[in-house]
Every structure is written in structure tokens, then in C-alpha cells.
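Worksheet for the structure shown next.
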Amino acid sequence: MSLRKPITIVGGGLAGLTLGVGLRQHGVLVTIFEAGNYPRHRVCGEFVSGNGQAVLARLGLLARFEQAGAIRARTVMFVRGSNRSPVRQLAAPALCLSRHAMDALLAESFQQLGGELLVNTRWTAGETREGVVHAAGRRAQSAEINPRWFGVKAHVSRSSSVNLEADLEMHLSPNGYIGVNRINGGEINVCGLFRAREGNRQPGSKPDWLRGETGSLLRERLGAAEFESDSFCSVAGLQLKPQRAAAKKECCIGDTLTMTPPATGNGMSMAFESAEMAVEPLAAYSQGKLNWTQARQQIARRCDAAFSRRLAWARLLQWMMISPALQGRLGAMLLRSDWLWRLMFTRTR
Ligand SMILES: Cc1cc2nc3c(=O)[nH]c(=O)nc-3n(C[C@H](O)[C@H](O)[C@H](O)COP(=O)(O)OP(=O)(O)OC[C@H]3O[C@@H](n4cnc5c(N)ncnc54)[C@H](O)[C@@H]3O)c2cc1C
């Protein structure tokens, strides 16, 4: 084992920790550098949908999610102004667990398998070193790009009574969307993606943004709800343009490789999937069966093959959700179309 080459992972989020777990299961020596600590809240819809659940099951992590209280979301509804979709069954249930619990349980699993986790330790030693995998989350959008995307999330406390018609409600507007779903522990996660043009700041406070516009169904739902103040978090400068792994010099997985629009509820799944796709080539590198370039290229090819088409559809979905076309009669028709719903659901995961 000591003859094996070690792997360093930059970032102890979902992708980095999942890769760490997979590599430890193959006996690879792994060190993860994590700039923050656990548990911590993250901006996220906390709705895991897609192939990532099967990855968790294969790595023996799904049972731990369930033990931590993860609940299943089975229905979804979209609302845009006075237009609404029917409440629809999801083709496959999504898994809902707070990032507060999820990241901590992955960190614990990695350490129990003998992985070295350096918390509060930022990696500053460059990007293209041999044996280093980048899983440091989203890359910031350049400040000149307009409009700028930003995300805000908070949990509604379990003492607030909020009635939801579907397990996930997506409230859409021309400036973004807000997802509302139940998570573990009886709390409700409210997470919004917003866009702002230069010099055009979103009015009001963050809790106000999450409660939706005056007169909206979301405001009706959340008007009197109390948010857990320590769960508020926000993130700005999100880069939502699809990226190809083959175009990158460094080895990267998760959001560092590419972000999918949050509307798909598939970003966490892509973090788990890309981590799993990296395990075998990195284990082969560690055992001297592949050189670093071969391992990196194999991971990039696998990720591009799995994600390229999905990302193109996700971009179209995001455009449709905020497009003016979703207002008025055409919007009502699109939101009611079962064919469109099935197409978008299957192609974006
Ligand atoms: C508004 C919004 C809503 C979303 N909703 C959903 C949803 O409902 N469902 C879904 O599946 N996905 C959703 N996502 C996407 C999902 O959150 C991400 O795809 C996922 O977190 C990616 O995981 P990751 O491990 O790549 O990055 P992260 O989880 O961001 O982890 C990266 C880690 O790297 C660390 N780090 C960064 N730089 C360094 C450094 N230099 N040295 C050491 N450590 C470093 C950070 O501290 C962090 O812990 C949403 C995203 C947004 C913005």
C-alpha cells in the first residue's frame, strides 16, 4: 500500500468527499484540503434527483443518508404568476437532506475509512500538479458578465406552519426561481436563484426575496413563516455556461468542472457521478497502471460523455423557466404539457 501514489483532493464538498470515500474503498491514500469546516449550511435546493442516488447506493452511502433523516420528494408543481402546472409525480423520487447534515456525514464517512481531512485549510499551490484533483466548487463568473446570477437559501423553522401542494414547489419569475421543499427534521428549505443586471440591485432584504413577490402564491405560503437565522446563506457570480472537461488542463470534478442550472435539481447528482467516474482511473494511477495524463484524460472523457447532452438540455430548461413566454396563454399551455414535462425531466438527468 505504501508503494501506491497518494491522491490530493482540493475541496471537501460533495464531489471531493464522495471521491475520497470511493478511493479509500480501493485502498488509495487520500488527503482532502477543505477551506471551511463541518457542519455548515450551503446555498442549495437540497433536492437530489437523478443517477446520483444510485452512486450513493453503490458506495454504501445511501443508507447513511436515510439514517440522517433524508426524506423522499415524490411530487412537483411549477407556478408562474397566475399560471400553474398540475401537481405531477416525479418519474423517480428525489432525496431531500440538508447540506448541514449531508456534508458532515460524508466527511465522517471519509474519515472512518482512514482518509485524511484537513479542515480550515485552503489549498493555494496551483492547479495542474500531478496527483491533485480539483473539487473546489463553482468557478466564479467574471465580474463583467451581465446579468449576474446569485443564490440565496434559508430554512423555515419547523414551528412555522406552511402548506405545500407538492413536495417540491418551483415558483418562477422573469428574474429567477425559488424552490420550496420539505427536508429532514420537519424543516422546509427555500432556495432561490436570481439574476440582476448591472446597477439594478434586487430591492428588499434576503428574507423578502425568498418570500416572493407581493400578491404571489409564494408570498401567500411564506408570508408569516419564520426563517432559521443561522441557515441563511448566499452566493454570487455563478457561472452557468456549460464547460467541457477535455478543455481543461487540470483534473476536476463537480461544480469545478461545470455547473448545471439549479432548476434541474441535478447538480449534486453530477457531483456524485463525476466523483464515481474518477475513482477507477485514479486508483489505476495510484497503482502505477496509468500515468497522470492518461488518468486525467480518462476522467475527462467519461464526464463529457455523461454530461454534455444533459447540460445542453438544462440550459434550454433554465431559459424556458425565466422566459417571458411562460407568461400568458402560451405559458399556461407549456406548464400543463405532460409531454414537455417528461421530455425535460428525462433529458436533464
Ligand atoms: C441556488 C442553487 C440551488 C441549488 N439547488 C440544487 C438542488 O436542489 N439539487 C442539486 O442537486 N443541486 C443544486 N445545486 C447545485 C449543488 O449545490 C452543487 O452542484 C454541488 O454543491 C456541487 O458540489 P461540489 O462538491 O462540486 O462543490 P461544493 O459543494 O461547493 O464544495 C466545494 C468545497 O470546496 C471548498 N474549497 C473551495 N476552494 C478551496 C480551496 N482553495 N482549498 C480548499 N477547499 C476549497 C469549499 O469550502 C467547499 O466546501 C444548487 C446550486 C445553487 C447555486
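The values are calculated or read from the model by the stated rules, or taken from the named source; none is laboratory data. None of the values given here were measured: they were computed from a predicted structure. Quick reminder, even Gly has a Cβ in these numbers, built from the backbone with ideal geometry, and neighbours come from all protein chains shown.
Applying the set (1) within 14 Å of the ligand (Cβ to nearest atom); (2) surrounded by fewer than 21 Cβ atoms within 10 Å (Cβ to Cβ); (3) more than 24 Å from V152 (Cβ to Cβ); (4) of a type outside the set (A, V, I, L, M) to P86 leaves exactly one unmet item: (1).
If the condition is being modelled with pLDDT under 95, over 20 Å from T348 (Cβ atoms) and near the ligand (Cβ under 9 Å from one of its atoms), then the range 235-277 contributes only V235. So for the range 33-53 (the condition being modelled with pLDDT under 95, more than 11 Å from the ligand (Cβ to nearest atom), surrounded by fewer than 17 Cβ atoms within 10 Å (Cβ to Cβ) and outside any helix (DSSP H, G or I)), does at least one residue qualify? The answer is no, given that none of the residues of the range 33-53 is modelled with pLDDT under 95, more than 11 Å from the ligand (Cβ to nearest atom), surrounded by fewer than 17 Cβ atoms within 10 Å (Cβ to Cβ) and outside any helix (DSSP H, G or I). Here the range 123-167 is the region considered, the condition is being over 20 Å from C233 (Cβ atoms) and not in a loop (DSSP other than H, G, I, E, B), and the residue that is nearest to the ligand (Cβ to nearest atom) is H134.
In this structure, V76 qualifies as over 17 Å from A283 (Cβ atoms) and touching a residue at least 60 places away in the same chain (Cβ under 8 Å). Kindly evaluate L172 against the criterion of being within 16 Å of the ligand (Cβ to nearest atom), closer than 22 Å to A306 by Cβ and modelled with pLDDT under 95. For L172, the condition - within 16 Å of the ligand (Cβ to nearest atom), closer than 22 Å to A306 by Cβ and modelled with pLDDT under 95 - is not met. Out of the residues in the range 57-85 that are of a type outside the set (A, V, I, L, M), outside any strand (DSSP E or B) and in contact with a strand residue (DSSP E or B) (Cβ under 7 Å, 6 or more places away or on another chain), state the one that is farthest from L326 (Cα to Cα). Per the criteria, the residue is F65.
Put simply, of R201, R219 the only residue that is farther than 22 Å from T260 by Cα, at pLDDT 90 or above and surrounded by fewer than 16 Cβ atoms within 10 Å (Cβ to Cβ) is R219. Counting the residues of the range 264-299 that are crowded, with 23+ Cβ neighbours inside 10 Å, hydrophobic (A, V, I, L, M, F, W, C) and in contact with a Phe, Trp or Tyr (Cβ under 9 Å, 6 or more places away or on another chain) gives 3. Answer yes or no: is there a residue in the range 79-88 that is closer than 29 Å to Q243 by Cα, of a type in the set (A, V, I, L, M, F, W, C) and in contact (Cβ under 8 Å) with a residue 12 or more places away in the chain. Within the range 79-88, not a single residue is closer than 29 Å to Q243 by Cα, of a type in the set (A, V, I, L, M, F, W, C) and in contact (Cβ under 8 Å) with a residue 12 or more places away in the chain. Across the range 300-321, the qualifying residues are those that are surrounded by fewer than 19 Cβ atoms within 10 Å (Cβ to Cβ) and at pLDDT below 90, and the one among them that is nearest to S216 (Cα to Cα) is M320.
Is it the case, given these coordinates, that C303 is touching a His at 6+ places or on another chain (Cβ under 8 Å) and within 24 Å of G126 (Cβ to Cβ)? When the stated conditions are applied, C303 does not pass them. Residue pairs whose Cβ atoms lie under 8 Å apart, sitting 6 or more positions apart in sequence or on different chains, and linking a residue in the range 44-55 that is touching a residue at least 60 places away in the same chain (Cβ under 8 Å) and more than 19 Å from M170 (Cβ to Cβ) to a partner that is of a type in the set (S, T, N, Q) and crowded, with 24+ Cβ neighbours inside 10 Å, are N51/S269; G52/N266; G52/S269; Q53/S269; V55/T18; V55/S269. So which residues in the range 1-19 are within 13 Å of S286 (Cα to Cα) and within 16 Å of the ligand (Cβ to nearest atom), if there are any at all? Scanning the range 1-19 gives I7, T8. Scanning the range 80-114 for residues that are of a type in the set (D, E, K, R) and under 16 Å from I32 (Cβ atoms) turns up D103, E108.
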